[in-house]
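Single-structure report; data block below.
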Amino acid sequence: MSLRRYFAPKTLAPYVIAFLLAFIPAFMHIVQYPKFSPIDELRHLDYALQITRGHVPKLGDKLGQDAMHEESCRGIDFQWLDPPCDSVKFPPAAFRDDGWQTASPHPPLYYILSGISGRTLRGLGILDGAIDGARLMSALLFGFGFAATFAAGRQLGVRSFPLLAGLGLLITLPGALHSASIVTPDSFAMLAGGGALLAAVLWKKNLLSTRWLIVVGALVGFTKLTNLVMLLAVAAWLVTDALMQKRDEQRGLSLVKAPLLMFAAGALTSGAWLVLDSLRATISADIVPQTIAMKFDGLPPLKHLLNPDVLLTWFPPGRSFDSARFFNQYVSLMRSFVLPLLIGAIIVSALRVQKGNDIASLSLFAGLAGLVGAPAFIIGTVITSGVLIGAEGRYAVCLLPVYVIAIASQSKGRVGDVLLGLLGGSAWIICTYAILVG
């Protein structure tokens, strides 16, 4: 079957709107937020600049002069004093974590794209520094993630208006918006999640070959390790659906094998990069101040893992660092509405699981992935790296496309559309305006 024939949107307008719902507030955030984010933005920018110069960073490298110069001149949204902007040379030890480059475990795909964007716009004289150009790539990826989520929802039979309204709700989540406005591979999460879901739906409809499904899985794994949580949810949905169908043995086996290969491809690309990075390291991570501060022996206690602040961090994902200048009582009010609504929608949808209800099955597995994923991430990090870190909400933003589709699918008539439209529109306007005047 021709993908172009069966997946050509009747009009591009709703896809453009979906893109702009994400891109506009992210772009405004970039303009209004000149300081470096404390979420390791310095290291992410340095990675992007280094790899587009032909050098792949490794553990043992120090930060480069370009990135340190930009942070010194802009400042950082944190209680830290960098060297003066007019310094002739910037000593890496004067920056956080003694200036070690610690972002190397992340795959290079995001950094290549953001580095090219930053260097190109700086080279053309459009921007003074590289950081805003690199940030612009994050905003574009966020917008494409919204468009992919919208496309996946339409393929699952959800109407356009509630989908757009549901997407508007996500701007209240700092883990999504802040990450989409700074230099960080977390900005790839929405596109990784929406793209994986769209590919899975198209494959299920025989509009995408198994080969391309596996390629998408490999690409998702090459964005960031934590995006595998969405691949796991999607693979679980497809495998369960295949097992519930009455088909001949050979056809049933192929329907089970394809999604498993999709997940395996993602795990392989992520895992291969981690192994390669560890082999290239020239120092032990134990000498990095951040690692020393988070060093942990043994397994985390069960009490810690079951603490609601840990267990519910990815249910829903999105709670993370947020700049105080973009936060006010109205933004707080919107979040108090949106978070329970997202949780309620995923639970109500999951409770309707039955054969043939794709959205309900997706909701069930995305919800379970969020609940199990955060504690599993903490345990896995302790076992593999010997450090105890929090499972930040931004790590699982890739699950948000399912939340949007779940809440949009609940709106069946005019009243539901009006209520969801008012809430989604209000959330988007209030949070975007808070950035504009911040």
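A short reminder: the numbers here are calculations on the coordinates, not readings from a lab. The structure displayed is predicted, hence computed values, not measured ones. We place every Cβ from the backbone using ideal geometry, glycine too, and count neighbours over all the protein chains shown.
Show me the trypsin sites (Lys or Arg not before Pro) within region 347-438 that DSSP assigns to loop and that have at most 12 other Cβ atoms within 10 Å of their Cβ. It would help to have the intermediate numbers written out before the result.
Working: sites: Arg352, Lys355, Arg394, Lys412, Arg414; in loops: Arg352, Lys355, Lys412.
Filter output for region 347-438: Lys355, Lys412.
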Determine, for Thr52, Thr149, the number of other Cβ atoms within 10 Å of each Cβ, and report the residues in order from fewest to most.
Thr52, Thr149
Against the longest alpha carbon principal axis of the chain, how many degrees, from 0 to 90 and to the nearest 10, is the axis of helix 210-221 turned?
30 degrees
Computed from the coordinates I sent, Rg/Rh (Cα atoms, Kirkwood Rh) equals one of (i) 1.02; (ii) 1.58; (iii) 0.96. Tell me the label.
(iii)
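Suppose R0 equals 41 Å; then what is the FRET efficiency for His55 and Ile343 from their Cβ-Cβ distance, rounded to the nearest 0.05?
Working: r = 44 Å, r/R0 = 1.08.
The value I calculate is 0.40.
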Could you order the peptides 12-23, 76-87 from most to least packed, using the average number of other C-beta atoms within 10 Å per residue?
12-23, 76-87
Which distance in Å, rounded to a whole number, links the C-alpha centroids of region 26-98 and region 174-239?
29 Å
Quick one: among Leu371, Leu42, Leu124, which has the greatest mean-square fluctuation in a GNM of the chain with alpha-carbon springs under 10 angstrom?
Leu124
Could you work out the helix-only [θ] at 222 nm for the chain, with each DSSP H run of four or more residues adding -39,500 (n - 2.57) and the total divided by the number of residues, to the nearest 500 deg cm²/dmol?
-20500 deg cm²/dmol
Cysteines in the chain lacking a second Cys C-beta under 4.7 Å:
Cys398, Cys431
Nearby aspartates and glutamates by direct alpha-carbon distance to Lys257 (threshold 17 angstrom, same-chain neighbours under 8 apart not counted):
Asp241, Asp248, Glu249
Region 327-382 versus region 392-427: alpha-carbon centroid distance in Å:
11 Å
To the nearest 10 degrees, how steep is helix 109-123 against the longest Cα principal axis of the chain, on a 0 to 90 scale?
60 degrees
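Considering only Cα-Cα distances, which of the following residue pairs are longer than 24 Å: Lys62/Lys295; Lys204/Lys355; Lys58/Lys224; Lys224/Lys303?
Working: Lys62/Lys295 21 Å; Lys204/Lys355 14 Å; Lys58/Lys224 16 Å; Lys224/Lys303 28 Å.
Too far apart for the 24 Å limit: Lys224/Lys303.
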Which cross-chain or sequence-distant (5 or more) residues have an amide H under 5 Å from the amide H of Phe36, H modelled 1.01 Å from N in plane?
Gly75, Ile76, Asp77
Where in region 252-300 are there chymotrypsin sites (Phe, Trp or Tyr not before Pro) that are in a DSSP coil and have at most 14 other Cβ atoms within 10 angstrom of their Cβ?
Phe296
Folded to 0 to 90 degrees: helix 65-74 orientation relative to the chain principal axis, Cα
90 degrees
